């Protein structure tokens, strides 16, 4: 997942403190107390020089078909299953009333309400009836905007999006942010492309929208007409939206404005009513992230009929809440978003879905219970040492760059030295005391949780920046770099065996977690992150000449990935994935350098299970990306995800790293190494 101003890499994690995973990535050797790579997951008949992904993962790929309730299955998902089992135990214990803490009471009540299927089925659409009545009562465009604001406060995002975040060019303050949104399909291109598969998805989307209106009580004919209205409105919004590639440019999403300026350019739209309803009578300056889109939204508010808007808002509300309602809505939602878009065969069991919702809506309450069981100080200390080593390697790498001037290098050092590192969990837990969660209707709990989060976010305005806030929960199987905070964050969930273990072979630790640390660190200097200074401001610190040289290298890596064709005639989009590809390559190179430095101080066995230190490093990294993916999910990923498919995140960086070919003695036609002229080395 990637949110505004945050770059994230999906990585391995475990909530269970054990040293095995599937066929086991880590195992005890007979001669050492260290955990090392387990060769059972490898296909040693394959040639590492010509098919390293198969060599590292072949036996695992053969033994692990994609489960019916998943669109992909990876090392991450194996760990996630244990993660879910641990969270289930925590939630079930809390639901029995065994927990005395406020966090346990909240989690227990939330889980109990989510698991009460009889109550959920009995409620039907009753939880949405008050909002439907408000929608039906809209009399004019002013009331329309007021109701849109009301839905935004409840976590539903019709027409456009709203949030509060740091001012990208003055990161000492929070400001409101208004951006494009309002679509039911994953991206604008799903509405606009004309190939057969996209047309088929659109047709099935219209059928899904029709089904939802039918479940709301509309006649079949009226439901079909309503679906056509929704599709027409969303297509108009899609045409005004920026592409995924355009959204990667932070400058394209920054346009400081205020209410007077907005009202002057759009005199017919009652924007003051919208802000008043949010609770911002005086919003001050805000970021009108996508002015052309908001201008089109304003025109639509004043030209589209109220009946059409009522239809659209009914759909937006029902679709946003579908997974919280009775089984008819849940199944309809899954049939489109799960089966059609992602290729998933079966709906996940309810307990998994409920845990996912609690994590999303009150995740730090769950996290407080989690870290008490699954995170110790020794893991944090070991990771901090790795971070220090990798930052040192990055500093040395910057110093050796021949294409970068000393002027820019000094600014790069300043940014590197300023990066804040967060490990494990927040120092201060989120205060949920004002959030009412009980064992009553699940949909009502979800709605109150969404409104709580909106109010919490809105309350940031006028306050100092909260440097202790986390953008992920402690149990999250992920990590991220946030450019406006200039911080790297590694939740406790990622710092568990088999991805990381305090007693593991350093080559394995650096190939897995070390490469993740290097990846997030490199995001501070990729094609997006490098536009932010040491204080997180969107402000250039590059000389013009250095910037040109950097962009030449970015173009080269874009070209490399454009060549890959994972399925059908669909290629990886080099521009969309450039930031992640830069981070993958940089992260691996820097982690390997840091490993070598650490071994100078703490020598380890040169060979284990027939593999050298460098070979173990590369295999560990490749095993962290092992995965299988359904065709539908792969197509959606290629269209919308800034990460390249996992296989290419392994093989593409190796083609730019002489260290790999040296490690496996790949020579001549067997070597994956690109010619010097097309090889990329950015960091």
TODO: Search segment 607-633 for residues being in a helix (DSSP H, G or I) and more than 21 Å from the chain's Cα centre (by Cα), and hand back the single one that is surrounded by the fewest Cβ atoms within 10 Å (Cβ to Cβ).
DONE: 614
- [ ] Go through segment 474-498 and give me each residue that's more than 27 Å from residue 250 (Cβ to Cβ) and touching a strand residue (DSSP E or B) at 6+ places or on another chain (Cβ under 9 Å).
- [x] 474, 475, 492, 493, 495, 497, 498
Task: Residues being in contact (Cβ under 8 Å) with a residue 40 or more places away in the chain and outside any loop (DSSP other than H, G, I, E, B) - total across segment 56-76 - done: 10
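So how many residues does segment 551-602 have that are at positive phi and crowded, with 23+ Cβ neighbours inside 10 Å?
Residues of segment 551-602 at positive phi: 568.
Right, trim to crowded, with 23+ Cβ neighbours inside 10 Å and you get none.
Within segment 551-602, residues that are at positive phi and crowded, with 23+ Cβ neighbours inside 10 Å number 0.
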Open item on the list: Cβ-Cβ under 7 Å, sequence separation 6+ or interchain: first residue in segment 344-357 and in contact (Cβ under 8 Å) with a residue 12 or more places away in the chain, partner in a loop (DSSP other than H, G, I, E, B) and surrounded by 18 or more Cβ atoms within 10 Å (Cβ to Cβ). Which pairs?
Closed with: 344/70; 344/71
Task: Test set (1) surrounded by fewer than 19 Cβ atoms within 10 Å (Cβ to Cβ); (2) touching a helix residue (DSSP H, G or I) at 6+ places or on another chain (Cβ under 9 Å); (3) part of a loop (DSSP other than H, G, I, E, B); (4) at pLDDT 85 or above - residue 49 fails condition number - done: (1)
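Check segment 283-290 and report whether any residue there is surrounded by 14 or more Cβ atoms within 10 Å (Cβ to Cβ), in contact with a helix residue (DSSP H, G or I) (Cβ under 9 Å, 6 or more places away or on another chain), without any contact (Cβ under 8 Å) to a residue 60 or more places away in the chain and in the same structural domain as residue 169 (by TED's automatic domain parsing). If you could, list the steps in order and put the result at the bottom.
Let us first name the residues in segment 283-290 that are surrounded by 14 or more Cβ atoms within 10 Å (Cβ to Cβ), namely 283, 285-290.
Subset that is in contact with a helix residue (DSSP H, G or I) (Cβ under 9 Å, 6 or more places away or on another chain): 283, 286-290.
In the following step, the residues that additionally are without any contact (Cβ under 8 Å) to a residue 60 or more places away in the chain were identified as none.
No.
Rundown of residues vs (1) within 24 Å of residue 660 (Cβ to Cβ); (2) in the same structural domain as residue 473 (by TED's automatic domain parsing); (3) modelled with pLDDT of 95 or more, yes/no style:
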{"site": "13", "(1), (2), (3)": "no, yes, no"}
{"site": "28", "(1), (2), (3)": "no, yes, no"}
{"site": "33", "(1), (2), (3)": "no, yes, no"}
{"site": "56", "(1), (2), (3)": "yes, yes, yes"}
{"site": "61", "(1), (2), (3)": "yes, yes, yes"}
{"site": "67", "(1), (2), (3)": "no, yes, yes"}
{"site": "79", "(1), (2), (3)": "no, yes, no"}
TODO: Consider residue 364 carefully, then state whether it is within 30 Å of residue 112 (Cα to Cα) and over 21 Å from the mean Cα position of the chain (by Cα).
DONE: no
Task: Odd one out for residue 344 among (1) in a helix (DSSP H, G or I); (2) outside the structural domain of residue 185 (by TED's automatic domain parsing); (3) touching a helix residue (DSSP H, G or I) at 6+ places or on another chain (Cβ under 8 Å) - done: (1)
Open item on the list: Which of the helices (runs of 4 or more DSSP H) found entirely inside segment 506-580 contain at least 3 residues meeting this: assigned by TED's automatic domain parsing to the domain that holds residue 395 and at pLDDT 95 or above?
Closed with: 515-523, 544-562
Open item on the list: Can you tell me which condition residue 608 does not meet? The list is (1) closer than 26 Å to residue 673 by Cβ; (2) at pLDDT 95 or above; (3) touching a strand residue (DSSP E or B) at 6+ places or on another chain (Cβ under 9 Å), and all the others hold.
Closed with: (2)
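For residue 268, are the conditions met, namely being in contact with a helix residue (DSSP H, G or I) (Cβ under 9 Å, 6 or more places away or on another chain) and modelled with pLDDT of 95 or more?
Values: in contact with a helix residue (DSSP H, G or I) (Cβ under 9 Å, 6 or more places away or on another chain): yes; modelled with pLDDT of 95 or more: no.
No, not satisfied.
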- [ ] Could you figure out which of (1) surrounded by fewer than 17 Cβ atoms within 10 Å (Cβ to Cβ); (2) assigned by TED's automatic domain parsing to the domain that holds residue 640; (3) at pLDDT 75 or above isn't true of residue 18?
- [x] (3)
Task: Candidate set: segment 195-243, residues that are outside any helix (DSSP H, G or I) and within 27 Å of the chain's Cα centre (by Cα); chosen: the one surrounded by the fewest Cβ atoms within 10 Å (Cβ to Cβ) - done: 243
Task: The listed residue being out of contact with any helix residue (DSSP H, G or I) (no Cβ under 6 Å at 6 or more places or on another chain), closer than 22 Å to residue 209 by Cα and in a helix (DSSP H, G or I), out of 334, 329 - done: 334
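Tell me which residues, restricted to segment 347-357, are more than 21 Å from the chain's Cα centre (by Cα) and either in a helix (DSSP H, G or I) or closer than 15 Å to residue 111 by Cα (or both).
At the first step, the residues of segment 347-357 found to be more than 21 Å from the chain's Cα centre (by Cα) are 347, 349-351.
Result: 349, 350, 351.
Go through 85, 75 for me and flag whichever is touching a helix residue (DSSP H, G or I) at 6+ places or on another chain (Cβ under 9 Å) and either under 30 Å from residue 513 (Cα atoms) or surrounded by 20 or more Cβ atoms within 10 Å (Cβ to Cβ) (or both).
Numbers: 85 fails: touching a helix residue (DSSP H, G or I) at 6+ places or on another chain (Cβ under 9 Å).
Of 85, 75, the one residue that is touching a helix residue (DSSP H, G or I) at 6+ places or on another chain (Cβ under 9 Å) and either under 30 Å from residue 513 (Cα atoms) or surrounded by 20 or more Cβ atoms within 10 Å (Cβ to Cβ) (or both) is 75.
The values are calculated or read from the model by the stated rules, or taken from the named source; none is laboratory data. Just so you know, these numbers come straight off a predicted model, no measurement behind them. Methodologically, a virtual Cβ is constructed for each residue, glycine included, from the backbone with ideal geometry; neighbour enumeration extends over all protein chains shown.
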